[in-house]
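Just so you know, all these numbers are worked out from the coordinates, no wet-lab data involved. The structure displayed is predicted, hence computed values, not measured ones. Because the Cβ atoms are built from the backbone with ideal geometry, glycine has one as well, and the counts that use them run over all protein chains shown.
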Amino acid sequence: MPSSKALWQGVALAGLLASASPLCADTPKRVVSMNLCTDQLAMMLAAPGQLVSVSHLASEVQSSSMVEEARAYPANRGQVEQVFLMRPDLVLAGTYTQVSTVDLLRRLGVEVVQVPPATSLAEAVEQIRIVGQVLGQDEKANAVADRFSAEIATARFEGPPRSAAFYYPNGYTTGSGTLANEVVELTGFANIGATSGVTGGGILPLERLVMAGPDLVVTSERYPGASRSEDILLHPALRAVQDAAGVRLSSDADWVCGTPHLMRAIGRMQAARAALGGEE
């Protein structure tokens, strides 16, 4: 029987799909995306000339897997005036997009569809279909979703898991109920964050990480400029844990959104699991 969380997620996705259905009668001609993840889904699925703008985040290497593609579109910063003057008949936004912006666009008569961040691989696949439907690109979206789903299925590791941990600036980690956790489990790892009781995201003390002794630590690349929050990534204790494993891995833009680009992150996790070999 599915968990209560899975049931609620299914209800949320079904509600989003139902709210989007009226758009299918008239395929939108001018679509603006204000969210990094809907940017990428829209660039994958929109017909030529249908997408007229993506968010400025789509051009940031640290965040976006489609920087080159994003250069073909005018960038927006999610400001009501800027977006409205683009004369969209559909705006794609995230559920964390500023409420006042979404409300004002709707009061101005602009159709806004908000897409929540995917917290599982199943949601990621379903969101491709949802965005395809609101764009009137069902056939293309279904093909992309089916291929993505098949690739996920073939990527599943069979065998005893090794341990892994996410460790980011300020000691931030990712635990259960997240897309990243599902990727870790898919590729043959048990997530230290999840086994330590972290749900969603939270802080994992460095001492606890060292005591857990994960076989793999997934960190992030340092951003340009100085940031004291990143100093922990240079801590000798963290380096010792990484050196003991002998395998180093950094997350990148492919981890950010639930798009088919996630398969590249999955591929790197598979390579890391293969490098670690069998259970000790």
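Assorted remarks:
- The largest-to-smallest principal axis extents of the Cα set in the stretch 162-276 are 33, 30, 27 Å.
- Gyration tensor verdict on the stretch 95-192 (Cα atoms; rounded if a/c is under 1.5, prolate if a/b is larger than b/c, oblate otherwise): oblate
- As a calculated quantity, the FRET efficiency between residue 222 and residue 243 at R0 = 22 Å, using C-beta atoms, amounts to about 0.75.
- FRET efficiency for residue 142 and residue 199, using Cβ-Cβ distance with R0 set to 45 Å, rounded to 0.05: 0.90
- Rounded if a/c under 1.5, otherwise prolate or oblate - the stretch 70-116, Cα gyration tensor axes: oblate
- Where N is the number of residues in the stretch 129-181, Cα Rg divided by 2.2 N^0.38 Å: 1.67
- When the chain is treated as a GNM with alpha-carbon contacts under 10 Å, the residue of 55, 220, 65 showing the greatest mean-square fluctuation is 220.
- Extended-chain gain in nm, criterion 0.36 nm per residue less alpha-carbon gap, residue 235 and residue 72: 54.6 nm
- Zone residues, the stretch 47-81, relative to residue 100, backbone N less than 16 Å from point 7 Å out along Cα-to-Cβ: 78-81
- Magnitude of the charge dipole for the chain, about its Cα centre and with charges confined to Cβ atoms of Lys, Arg (+1) and Asp, Glu (-1), is about 340 debye.
- Each Lys or Arg adds one and each Asp or Glu takes one away; over the other residues whose Cβ falls under 11 Å from the Cβ of residue 58, this sums to -3.
- Volume of the Cα convex hull of the stretch 32-170, divided per residue and given in Å³: 132 Å³
- Here the spin labels are modelled as points 7 Å beyond Cα on the Cα-Cβ line, and at residue 108 and residue 274 they lie 5.0 nm apart.
- Angstrom value of the Kirkwood radius, inverse mean 1/r, which spans all Cα pairs in the chain: 20.0 Å
- Per-peptide packing, taken as the mean over residues of other Cβ atoms within 10 Å, places 159-169, 180-190, 203-213 in the sequence 180-190, 159-169, 203-213 from highest down.
- Cα convex hull of the stretch 142-223 - mean projected area over all directions, nm²: 6.6 nm²
- According to the Kirkwood relation over distinct C-alpha pairs, the hydrodynamic radius of the stretch 227-279 is 13.0 Å.
- Listed residues 179, 232, 194: farthest to the positive end of the dipole of the stretch 145-234 (Cβ charges): 232
- Two-site label geometry, residue 81 and residue 62: point separation in nm, points 7 Å out along Cα→Cβ: 2.8 nm
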